[in-house]
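S.K.: Have a look at the structure that comes next, please.
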Amino acid sequence: MKLSWSDVTPEALFLNRRAFIAGLGVAAAAPALAAAEEPNSFEQITNYNNFYEFGFGKTDPADNAGALTTDPWAVEIGGLVDRPGSYSVADLAPGNAVEERIYRLRCVEAWSMVIPWLGVPLASVLNKVGVQSGAKFVAFETLYRPDEMPEQRRNSMDWPYREGLRLDEAMHPLTILATGLYGKPMPNQNGAPIRLVVPWKYGFKSIKSIVKITLTDRQPVTTWQAMQPREYGFYANVNPTVDHPRWSQATERRIGAGLLGGRQETLMFNGYGDQVAQLYAGMDLARDY
Amino acid sequence: MHRIRRLPTGVVWALGTLPLVLLVWDTLVGNLGVDPVRDIEHRLGRTAVYFLLASLCITPILRMARVNLVKFRRPLGLLAASYAGLHLLSWAVLDMGLLWSQMLKDIAKRPYLTIGMGVLVILLVLAATSSNAVIRKLGPVRWRAIHRWVYLAAPLAVFHWLLAYKIWPGKPLAILAAMAVLLAFRLPLLQRHLGWRARSA
Ligand code: HEM
């Protein structure tokens, strides 16, 4: 089910609607934009991926991720939670709770897509395991399985891939654990069987193929931040005014726009500012990038 | 091997346009995948580097294998400059959508683009000073002095390639290593050691 653009209001988020389109404040007033915000095709979404465990090329994940075993799968949830343990994908995202979320995805490399995810709010999962009062951050880890993830057999990065969110970011209704897209189970190259999606942050925050979720009281060290702290911050909020040291973030190229599609302006918080800006009130986003 | 020398330089030009023909073909039949803009831009850039690398091989081949391919060096260099020019054009038109203000700002502000621009300027100067008439006018000493800039341009082109990525990709690192070896042959010390240069010059 798709709602019309005029239905996209911040309140809708909190009413736990079954589905809502990528919330773009200005789009409601400019229906012409709606056409430009059509989701990318399944073909595009599954053949243009950054999933470095399977290689650094954009098509490497599509070529190499077929070998990944995603069933059985267990997500170890621990740290400052009431019910730590090993959870199956069905435990975390039972079929009857899964909803569709059509979100823009903005990669730190200045390209973007629109993706119809299936998933559950991360908050529902965290509530299920019971977050203890001391918890302030959530740390995530991707699977480490060199047998099936060729790039992990080299020392090209410090595996396993790690990401993290502040607890309020994790509990935000826009933040989901996705288990599928286009009404299908998650393709391996997109982070099967379960991955994070945080639509107002650069794509690398949305960690794939998650096996570990830990609630902590300390800000976790994330993979990119550890590797190049000057280039990748903990927050990694989409922000057209804070450039990557080596390239501009002011504009982006929409994948699928065609040879002469040109560029479009990048929106603050990827267009989700109405919903998330208050999380960062008082913070200097040029410093906490 | 020695028969190669007798091939007309037109053969290099014909082979040299092949990557472009293939790229146009792949674009037209839709072989480029999900993001053709990036593919076109990157393939043109890589092709420029390959021809640059090939042009650097000519002198070492002459010295080591004693095969004289010097007449192919000019077309190889001109091809490198042409592909680099097309690479810039693809960036400006397809990637940037001719956003002039952002393009200029980016070239000034982004080291990898500043370096790319520097390399392109060098290659265009070298191309412009490659006609027989200009070479005659400059004389061999000045001509050689100008064309030695390729020793700077080639590694910088690969550096530009490396800087564009979030990680250290293997291929440009390998090409950089190959260039380092090729350029090392130009060092007087090594040349003396190999007996390519008189001991007391
Ligand atoms: C003003 C001049 C130039 C501009 C604006 C420019 C721009 C770019 C851009 C935007 C990229 C892609 C980066 C990315 O997608 O992350 C790139 C990559 C590249 N450029 Fe350039 N470039 C310039 C000059 C050159 C020159 C002179 C050469 C070679 C002689 C060159 C060779 C390459 C190569 C090999 C790549 C990497 C392609 C790949 O990833 O496969 N560039 N350049």
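The values are calculated or read from the model by the stated rules, or taken from the named source; none is laboratory data. Predicted model only: the values in this text are computed from it and were never measured. No Cβ is skipped: glycine too gets one built from the backbone with ideal geometry, and neighbour counts run over all protein chains shown. Surface areas here come from the heavy atoms of the whole protein model, side chains and all, with no ligands, DNA or RNA. Shrake-Rupley method; radii C 1.70, N 1.55, O 1.52, S 1.80 Å.
This table checks each residue for (1) away from chain B (no Cβ under 13 Å); (2) in contact with a Pro (Cβ under 7 Å, 6 or more places away or on another chain); (3) open to solvent by 20 Å² or more (accessible area, probe 1.4 Å).
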| site | (1), (2), (3) |
| --- | --- |
| A:Pro199 | yes, no, no |
| A:Trp247 | no, no, yes |
| A:Glu252 | no, no, no |
| A:Leu260 | no, no, yes |
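S.K.: Is segment A:29-40 home to any residue that is within 14 Å of chain B (Cβ to nearest Cβ), surrounded by fewer than 19 Cβ atoms within 10 Å (Cβ to Cβ) and modelled with pLDDT of 95 or more?
M.R.: No; the residues of segment A:29-40 include none that is within 14 Å of chain B (Cβ to nearest Cβ), surrounded by fewer than 19 Cβ atoms within 10 Å (Cβ to Cβ) and modelled with pLDDT of 95 or more.
S.K.: Right, another one. Does A:Glu141 fit the bill of being at pLDDT 95 or above, within 30 Å of A:Pro245 (Cβ to Cβ) and of a type in the set (Asp, Glu)?
M.R.: yes
S.K.: Another question about this same structure. Using the structure shown, decide if A:Gly183 is out of contact with any strand residue (DSSP E or B) (no Cβ under 6 Å at 6 or more places or on another chain), open to solvent by 20 Å² or more (accessible area, probe 1.4 Å) and among the small types (Gly, Ala, Ser).
M.R.: yes
S.K.: Here is a follow-up. Can you pull out the residues in segment B:158-180 that are part of a helix (DSSP H, G or I) and within 14 Å of another protein chain (Cβ to nearest Cβ)?
M.R.: B:Phe159, B:His160, B:Trp161, B:Leu162, B:Leu163, B:Gly170, B:Lys171, B:Pro172, B:Leu173 - these are the residues of segment B:158-180 that are part of a helix (DSSP H, G or I) and within 14 Å of another protein chain (Cβ to nearest Cβ).
S.K.: Out of the residues in segment B:96-142 meeting the condition of being among the polar types (S, T, N, Q) and more than 12 Å from the ligand (Cβ to nearest atom), tell me which one is farthest from B:Arg46 (Cα to Cα).
M.R.: Ranking the candidates gives B:Asn132 first.
S.K.: Could you list, in sequence order, all residues of segment A:64-83 that are over 21 Å from A:Phe54 (Cα atoms), touching a Leu at 6+ places or on another chain (Cβ under 9 Å) and open to solvent by 10 Å² or more (accessible area, probe 1.4 Å)?
M.R.: Correct list: A:Gly78, A:Gly79, A:Leu80.
S.K.: Within the set of pairs 6 or more residues apart or between chains, which connect a residue that is touching a residue at least 12 places away in the same chain (Cβ under 8 Å) inside segment A:142-162 to a residue that is among the charged types (D, E, K, R) and part of a loop (DSSP other than H, G, I, E, B) with Cβ atoms less than 8 Å apart?
M.R.: Once the first residue is touching a residue at least 12 places away in the same chain (Cβ under 8 Å) and sits in segment A:142-162, its partners that are among the charged types (D, E, K, R) and part of a loop (DSSP other than H, G, I, E, B) give A:Thr142/A:Lys208; A:Gln152/A:Arg145; A:Tyr161/A:Lys208.
S.K.: Kindly indicate whether B:Asp106 is of a type in the set (Asp, Glu) and out of contact with any Asp or Glu (no Cβ under 9 Å at 6 or more places or on another chain).
M.R.: Spelling it out, B:Asp106 is indeed of a type in the set (Asp, Glu) and out of contact with any Asp or Glu (no Cβ under 9 Å at 6 or more places or on another chain).
S.K.: Just to be sure before I move on: is B:Leu76 at pLDDT 95 or above, assigned to a helix (DSSP H, G or I) and touching a Ser or Thr at 6+ places or on another chain (Cβ under 6 Å) in the structure I sent?
M.R.: yes
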